[in-house]
Amino acid sequence: MFNKNIKLVIAGLIIIYAVYQFIEGNIGNGIFLILLSSIFVFLYFRNEFILLAFLRMRKQDMEGTEKWLQKIKNPESSLTKKQQGYYNYLYGIIFSQKNLTQAEKYFRKALKLGLNMDYDVAMAKLSLAGIAMQKRRKREATTLLQEAKKLDKNNMLTDQIKMMQQQMKKI
């Protein structure tokens, strides 16, 4: 929607006007404006299109997810570094069903830019391990699986990791 810096400028202007409203004695207007500015600050840290793409991803709607991600025209200027990581992470998930080479590129870029949650990092490494295994790079796949296992603190990926280790024994 807006560049990340424009969101902060809009929030700053709204806060200045809220202070003016407090000085004029319009306390209700000032409080409302402060709450309104908090929306823009929130959207600075959590991009609206990425949030909507994650909602589509929850419903297993890959086309809808890709549609929301395509609305981000210039990710480098519109997103913070972590948001760019999740942008690439989502594209990696989308392309993991279409083109493994593209998916590998997006997952590696997402890991390089950084992801907030250990679960997401583990999932990206697990996906990279699967891609490496399909491309017959067993050593790399083993390393990535071990890293994913360390990061999976809540044991949410245990079944997938065990299944992949079983498949690696066949290679």
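Just a few scattered comments:
- Taken over the stretch 113-164, the criterion of being under 24 Å from Thr101 (Cβ atoms) and either touching a residue at least 40 places away in the same chain (Cβ under 8 Å) or polar (S, T, N, Q) (or both) is satisfied by Ser127, Gln134, Thr142, Thr143, Gln146, Gln160.
- Test result for Tyr44, under 15 Å from the mean Cα position of the chain (by Cα) and at pLDDT 90 or above: no
- Residue within the stretch 28-37 that is open to solvent by 70 Å² or more (accessible area, probe 1.4 Å), of a type outside the set (A, V, I, L, M, F, W, C) and more than 18 Å from Tyr17 (Cβ to Cβ) present: no
- Gln83 open to solvent by less than 70 Å² (accessible area, probe 1.4 Å) and either out of contact with any Pro (no Cβ under 8 Å at 6 or more places or on another chain) or not basic (Lys, Arg) (or both): yes
- For first residues located in the stretch 84-101 and touching a residue at least 40 places away in the same chain (Cβ under 8 Å), partners that are assigned to a helix (DSSP H, G or I) and among the aromatic types (Phe, Trp, Tyr) and lie 6+ apart or on another chain with Cβ distances below 8 Å form the pairs Leu90/Phe54.
- Of all residues in the stretch 124-166, those being open to solvent by less than 90 Å² (accessible area, probe 1.4 Å), among the acidic types (Asp, Glu) and in a helix (DSSP H, G or I) number 2.
- For Thr143: the one exception among (1) under 30 Å from Pro75 (Cα atoms); (2) modelled with pLDDT of 85 or more: (1)
- Extreme residue, least open to solvent (accessible area, probe 1.4 Å), among residues of the stretch 109-123 that are assigned to a helix (DSSP H, G or I) and out of contact with any helix residue (DSSP H, G or I) (no Cβ under 7 Å at 6 or more places or on another chain): Met123
- Matching entry among Tyr17, Tyr89 (being at pLDDT 90 or above and open to solvent by less than 80 Å² (accessible area, probe 1.4 Å)): Tyr89
The values are calculated or read from the model by the stated rules, or taken from the named source; none is laboratory data. All of these numbers come straight from a predicted model, not from anything done at the bench. Note: ideal-geometry Cβ built from the backbone for every residue, glycine included; neighbour counts use all protein chains shown. Note: accessible area is taken over every heavy atom of the protein model, side chains too, but ligands, DNA and RNA are not part of it. Shrake-Rupley method; radii C 1.70, N 1.55, O 1.52, S 1.80 Å.
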